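Written out below as structure tokens is the structure these notes cover.
FYI, it's all coordinate maths here, none of it is from the lab. Here the structure is a predicted model, which means the values were calculated and not measured. Here the Cβ is made from the backbone with ideal geometry for all residues, glycine too, and neighbour counts use every protein chain on show.
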Amino acid sequence: MLKLYDYELSGNCYKLRLLLSFLGVEYKSELIDFYPGNQHKSPEFRQINPLGQLPVIDDNGLVLRDAQAILVYLASKYDPSCKWYPRDNPEMLGQISQWLAFADGITGTASAARLHDALFYNHIDVEAARAGAHRLFRVLDEHLFFAEEAGQDWICPGDHPTIADIACFPYIMLSEEGGIPRIDYPAIRRWSDRFKRIPGFTVMSGVFPAGPAAKDSSKAVA
Amino acid sequence: MTCNDRILIDDWHVVADLDQLLQAGSCKTYLLGVEVAVTAGRDGQVAVTLADGKQQLPCQIKYGFVWTSLGSPERETIHIPEAFEDDRYIISGGSFPVKVSGLRVVENFLDMGHFPFVHNGWLGEEPHTEVAPYEVELTEDNEIIATECYFHQPVASPTAEGGIEVEYKYRVYRPYIVALYKTNPLYPDRKDYIVLFIQPVGPEECVVHNMLCYIKEGMKEPDIRWFMQLIFAQDKPILENQIPRRLPLDPRAETPIRADKVAILYRRWLRDHSVSYGAIPATEA
């Protein structure tokens, strides 16, 4: 069975738990003691990922690191509908890749600020991280606003979310733990509410589900 | 903000997890608004000083944590018999900074009413939201004990399979130290034990250190830490959004319900001991 080297409080691990849940793929979590045990930096774990980072998957002997890379792999392999990663559509692939790289920027800023505030990563320049996150959130908020105006619900065109949405979602939702309020980004808020109503959505600690009324309405549609 | 509460100044507080300190060699942190430096020498000797290095502070290692005091401690740190039982794991679930008064964290820890909402699917689930009546007392040792606390929990422990009716006992030892005893699924007559040693960093900021004493049988060590962090990280955003960030001690400031019986006594007990750090003191009527 697919194995996910997993840590509950990691937004990057959460990206994969989300996609696996949306796709209904069974997997086994191998818990890594990221904090306080620092197990991802241990010599044993570096045999699995020399970068000493989570997440990693082991799919029948194929070992992959990097959340975005794994999203690409899982969606390509386990989504027969090809909607999460439309691999025959060059325009979509280009745009998805653009936003996957953008999601890495969110990790480098919003997630860094959270590590500083929540897990004693004192060497991080938290003010710079917060400012960087706000710059990215502004860009995404504007993008989503104009997308909505064009009748588009998701980051990339089409009527179905893609792995770009999954890649951006976790560290935006956890940003307040790093002292980054989202009150100035209404289009991001509407998009995240839509995201939470995707059938198969799961939470992680620090991310709350959409309200019950919203859940019922999504059931009615589904 | 400086602290003027003698009961807090002259008491022991945790300022570092020993394992983390030994990895880092030294760290700086705040206790009651005062910056302190914690260092581990090559010989493993740990010392705590004011951050300017001008004054050595009392220091002791207990339960895997570094304890210090800004004054002259008049009593020992608390004694926890469970920490010396060989058939228990004794581990830290990780120290977590929280941007709220530590007194709010204690009160949240004592509250069963939030289980079905904040810990939905784990420590409770809707629509089973009612908190049954329970007993509260102030002991001769000046501790608050709540007993006969029953709650149905879908996933009560790191290894729980299926929902069980759980019995809790809560215990407030000191203003910033609180513990719970909780039914062990395998041994109905014994309880797992969780204690929070809360470091008051500032009046609206704390670090929550914790010690988990779980009976080993049927339990794996990594699962204990995973479960603690899962639950605590659900509480954290709720705690950090509480307004005001300090705990109001005026009985009229926030409206309690019957389920808050233990919190009502906790607030009164804080008033009676003139604890104001992290609190909004009651105004005289």
Mean projected area (nm²) of the alpha-carbon convex hull when the range B:122-245 is viewed from all directions
8.9
Please report the spacing between the Cα centers of the range A:69-112 and the range B:219-285 in Å, no decimals.
42
Under a plain spin-label model, where a point goes 7 Å from the Cα along Cα-to-Cβ, how far apart in nm are A:Phe208 and B:Ala253?
2.3
If you average over every viewing direction, what projected area does the convex hull of the Cα atoms of chain B give, in nm²?
15.3
Explain nothing, just compute: Karplus ³J(HN,Hα) = 6.51 cos²θ - 1.76 cosθ + 1.60, θ = phi - 60°, for every residue of the range A:122-136 in order, whole Hz, x for Gly and Pro.
6, 7, 6, 7, 5, 5, 5, 5, 5, 4, x, 5, 4, 4, 5
Size of the range A:3-78 as Cα extents on the principal axes (Å, biggest first)
32, 23, 19
Using DSSP to define loop residues, name the trypsin sites (Lys or Arg not before Pro) in the range B:32-137 whose beta-carbon has at most 13 other beta-carbon atoms within 10 Å.
B:Arg42, B:Lys54, B:Arg75
How large is the convex hull of the Cα atoms of the range B:18-105 per residue, expressed in Å³ as a whole number?
141
Between B:Gln55 and A:Leu93, the FRET efficiency computed from the C-beta separation at R0 = 51 Å comes out, to the nearest 0.05, as 0.20
Give the calculated FRET efficiency between B:Glu135 and B:Glu74 to the nearest 0.05, with a Förster radius of 25 Å applied to their Cβ-Cβ distance.
0.25
Could I get the Rg over Rh figure for the range B:222-280? Both from C-alpha atoms, Rh via Kirkwood, rounded to two places.
1.08
Please give the residues of the range A:134-161, grouped as numeric ranges, whose backbone N is less than 13 Å from a label point set 7 Å along the Cα-to-Cβ vector of A:Asp184.
A:134-142
Expressed as a whole number, the average count of other chain Cβ atoms within 10 Å around the Cβ atoms of A:201-209 is 4
Close lysine pairs (chain B; alpha-carbon distance under 17 Å; 8 or more apart or on separate chains) counted at 9
So what's the Cα pair-distance distribution over the range B:64-199, bin width 5 Å, in %?
2, 8, 16, 21, 22, 17, 9, 4, 2, 0
Calculate the spin-label point distance for B:Gln23 paired with A:Asp159, positioning each point 7 Å from the Cα along the beta-carbon direction, and give it in nanometres.
5.0
Treat every Asp and Glu Cβ in the protein assembly as shown as -1 and every Lys and Arg Cβ as +1, leave all other atoms uncharged, and give the resulting dipole magnitude about the Cα centre to the nearest 20 debye.
760
For the protein assembly as shown, the Cα gyration tensor yields equivalent-ellipsoid semi-axes (√(5λ), largest first, whole Å) of 40, 26, 24
Kindly give the semi-axes, whole Å and largest first, of the ellipsoid equivalent to chain A, taking each as the square root of 5 times a Cα gyration tensor eigenvalue.
26, 23, 17
Calculate, axis by axis, the spread of Cα positions in the range A:90-205 along the three principal axes, and write the results as whole Å, longest axis first.
42, 26, 25
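Convex hull over the alpha-carbon atoms of the range B:1-155: what's its volume per residue in Å³?
171
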Three principal axis lengths of the range B:6-68 [C-alpha, angstrom, descending]:
33, 26, 15
Which FRET efficiency value, to the nearest 0.05, do you get for A:Phe145 and B:Tyr150 by plugging their Cβ-Cβ distance into 1/(1 + (r/R0)^6) with R0 = 45 Å?
0.35
Exactly which trypsin sites (Lys or Arg not before Pro) in the range B:202-285 are in a DSSP loop and have at most 10 other Cβ atoms within 10 Å?
B:Arg252
